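The values are calculated or read from the model by the stated rules, or taken from the named source; none is laboratory data. All figures in this text were calculated on a predicted structure; none of them were measured in a lab. Here the Cβ positions follow ideal geometry from the backbone for every residue, glycine too, while neighbour counts run over all protein chains shown. For accessibility, only protein heavy atoms count, side chains too; no ligands or nucleic acids. Shrake-Rupley method; radii C 1.70, N 1.55, O 1.52, S 1.80 Å.
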Amino acid sequence: MAPTSQPASTAVPGVKKRDVSLYQFFAPGGVLSRTHPAYEFRRGQLQMAQSVEQALEEKRHLIVEAGTGTGKTLAYLVPVIRSGKRVIISTGTKNLQEQLFHKDIPFLEQALFPDGEGRLNVCYMKGRNNYLCRKKLYDLTGQPVLSGLEEIEHYRAIAAWEKTTQTGDRAELAELPEASALWHKIDARSDACLGQKCSSWDKCFITEMHRRAMESDIIIVNHHLFFADLSIKQQAEYAPDAGILPEVGAVIFDEAHELEDVAGSYFGVSVSNGRVEELCRDVEASLQRNHMLSASISGALKTLRERSMFFFALLPQGEGRFSFENRRDFLEENGEEFMALQQSFTRLGSELENLPSKPEEVFNFARRAQELQVQFGFLMESEDPNTVFWIERRRGGRDKFNVYLQATPIDVAPILKTCLFDKLECAVLTSATLAVGGGFEYMRRRLGLEHTRESVLPSHFDYENQALLYVPPDLPDPRTPQFAAKAADRIRQLLEITRGRAFVLFTSYAQMNDVYQRLLGELDFPMLLQGDAPKSALLEEFRLTPNAVLFATSSFWQGVDVQGEQLSCVIIDRLPFAVPSDPVVAARVKSIDAEGGNAFFQYQVPAAVITLKQGFGRLIRSLHDRGLLALLDNRILKKAYGRVFVESLPNYRKTTELKVVEEFFGVV
Ligand code: SF4
């Protein structure tokens, strides 16, 4: 069972925690050296702690790049605890959230307050869809709409668990599959939540989480929850009860290289055929349960379903993500169908409002219908120049597509500046990959950060001796058709030298599958392929299988940690430029160029530098790791922009010769 809160304490952080200076904590002979079993003095860690403390005291923002091995979590946690401020720590991954909550904070409490006095209130919050909505579960109890034996079994397990759980966090239900359709029907997502009008409000897990957060010194969240909350607050114009995260003195964004993408998705708008269907289903189930489903409401639902289906079928065809630039032409041709859809939202809304003595949730359905109508209106008619409009179509089963109509801010910087950085006293942004060419201009510009303190910390690792970077000068340009065959052959040669023990990372699924097929049967090592099993299972298999080679794409470029000899080689097929035809990337490129900038150098190259640093960062995870990094794309040597990549990478030893790779592994 994974508790999501530590016991409450009335202690106020502050005076006592100041008894120990940062130097006395981190320096040799200090508290850390006496309490941490694997203590090493890390100059960068102390420097980072001092910078964070200064930023907290001066109420300034700070960007700090701290490479793997700096020990950056302790470097921000100690000054946070000493500050006595309530602080949110927002991370990119669940792994880091868990490390903070289960490992780093308990360790620091033990080190700083061995007698137990002055312990912290810490709250670990996940996205709302991780928690059970009691109301939805109770509604289901009256009229279970379950499909199949498995769902009935899960329902029984959840109903029993609901009676005992303190948190409502699905992580406690190990037996519940990740993609459970039943959970989706009963989770606490905000769109169906009745808030204070809910009959289960007092014992609601979300209410409880909110209360805990209000009492906490440190609140651990992920970027998705943080920006979802921020966008709710912005829409509600910062009404005091909007959102679930309390006011804080500072926010620490760890894994901050992900902020632009996550913020973009929450300050955008998205509707889908699935969302319309979900509304219809919820209305139907609720009214049936309450014996209120009249013929006219059934008619309104039927019309809405038909018109939605028709409208989504009319949208431009294609799979994946693509731009929807010609909305005006589309509306000229299909304006009537769009208006008909809009009217069916109005009709459903008024049918619901006209219901006599209706339950509270019916008001919520009317609000959802109106919200969808407004969002469809924005998506089809807005001329906002800072928004890109696009469509995503994903296969959702045989002959079934999930279609999303999306609007994303082209530049999140002005939004973040106004809604976040101008309002916050102190934001600390940290990650192992934030700087490009040794500076933060790219991050500052993309995120709207002004007047920040900045710091790039020296690495704790001896990269020059721990890692060798190999770039083959003789391979063809990766954009040519000859590349795959030659690359596969070179990968085989490299793996023979390293005896497998490698991640081979690709920038596309097509390239991954192509090279994998070419090497199948050619290697003497076990080959694992992304997609053959869930990510965590593949990683576990990689760790346990001697000499394994894992072929993977973007999801393995970050947040993956394999220490030791088992991972001795990371091969990357090409410089990881974002796909230029992606609608959001294309709009950003166009906008920067239109403003007289140079999108290639100001956006595409720096973004690719950050991604490449992430990918290579998989190799050296401890002082004892050693291995080969291979980039099969020699544009890094031949093109002028290659210099930016080279200057941004740690000072790995570099070679263009296979012989040197062999020597490095003692093969010759
Ligand atoms: S308050 Fe919202 S999330 Fe909580 S039980 Fe009620 S409907 Fe569900």
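Descriptive notes on the structure:
- Some residue of the stretch 118-126 being more than 9 Å from the ligand (Cβ to nearest atom) and within 29 Å of Arg367 (Cα to Cα): yes
- The listed residues are Ala263, Ala236, Ala242, Ala295, and the only one of them that is touching a residue at least 40 places away in the same chain (Cβ under 8 Å) and aliphatic (A, V, I, L, M) turns out to be Ala263.
- Screening Met309 with (1) closer than 30 Å to Arg60 by Cβ; (2) of a type in the set (A, V, I, L, M); (3) surrounded by fewer than 17 Cβ atoms within 10 Å (Cβ to Cβ) gives one miss only, at (1).
- Of the residues contained in the stretch 271-290, none is found to be in contact with a Ser or Thr (Cβ under 7 Å, 6 or more places away or on another chain) and within 16 Å of the ligand (Cβ to nearest atom).
- Leu56 being in contact (Cβ under 8 Å) with a residue 12 or more places away in the chain, part of a helix (DSSP H, G or I) and within 30 Å of Ala171 (Cβ to Cβ): no
- If the condition is being open to solvent by 20 Å² or more (accessible area, probe 1.4 Å), part of a helix (DSSP H, G or I) and in contact with a Lys or Arg (Cβ under 9 Å, 6 or more places away or on another chain), then the stretch 83-104 contributes Ser83, Lys94.
- Taken together, the residues in the stretch 199-224 that are within 16 Å of the ligand (Cβ to nearest atom) and touching a strand residue (DSSP E or B) at 6+ places or on another chain (Cβ under 8 Å) amount to 5.
- Some residue of the stretch 577-591 being among the acidic types (Asp, Glu) and more than 22 Å from the chain's Cα centre (by Cα): no
- Those helices (runs of 4 or more DSSP H) of the stretch 529-642 in which 1 or more residues are open to solvent by less than 10 Å² (accessible area, probe 1.4 Å) and at pLDDT below 95 occupy 535-544, 605-616.
- The combined condition, being among the small types (Gly, Ala, Ser) and farther than 17 Å from Ser265 by Cβ, is fulfilled by Gly396.
- Condition check for Glu237: within 25 Å of Leu96 (Cα to Cα), away from the ligand (no atom under 16 Å from the Cβ) and in a loop (DSSP other than H, G, I, E, B): no
- Test result for Ile610, touching a Gly at 6+ places or on another chain (Cβ under 7 Å) and over 24 Å from Gln566 (Cβ atoms): no
- Test for Ala188: is it open to solvent by less than 40 Å² (accessible area, probe 1.4 Å), more than 9 Å from the ligand (Cβ to nearest atom) and either touching a strand residue (DSSP E or B) at 6+ places or on another chain (Cβ under 8 Å) or modelled with pLDDT of 90 or more (or both): no
- Here Pro526 meets the list (1) crowded, with 18+ Cβ neighbours inside 10 Å; (2) touching a Ser or Thr at 6+ places or on another chain (Cβ under 6 Å) almost entirely, failing just condition (1).
Residue-by-condition table, conditions (1) more than 23 Å from Arg368 (Cβ to Cβ); (2) more than 14 Å from the ligand (Cβ to nearest atom); (3) part of a helix (DSSP H, G or I):
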position: Asn129; (1), (2), (3): no, no, yes
position: Tyr138; (1), (2), (3): no, no, yes
position: Glu151; (1), (2), (3): yes, yes, yes
position: Ala157; (1), (2), (3): yes, yes, yes
position: Thr165; (1), (2), (3): yes, no, no
position: Ala171; (1), (2), (3): yes, yes, yes
position: Ala179; (1), (2), (3): yes, yes, no
position: Gln196; (1), (2), (3): no, no, yes
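- Thr418 meets the stated requirement of being among the hydroxyl-bearing types (Ser, Thr, Tyr), in a helix (DSSP H, G or I) and within 30 Å of Pro246 (Cβ to Cβ).
- Selection status of Leu140, open to solvent by less than 30 Å² (accessible area, probe 1.4 Å) and under 29 Å from Arg621 (Cα atoms): no
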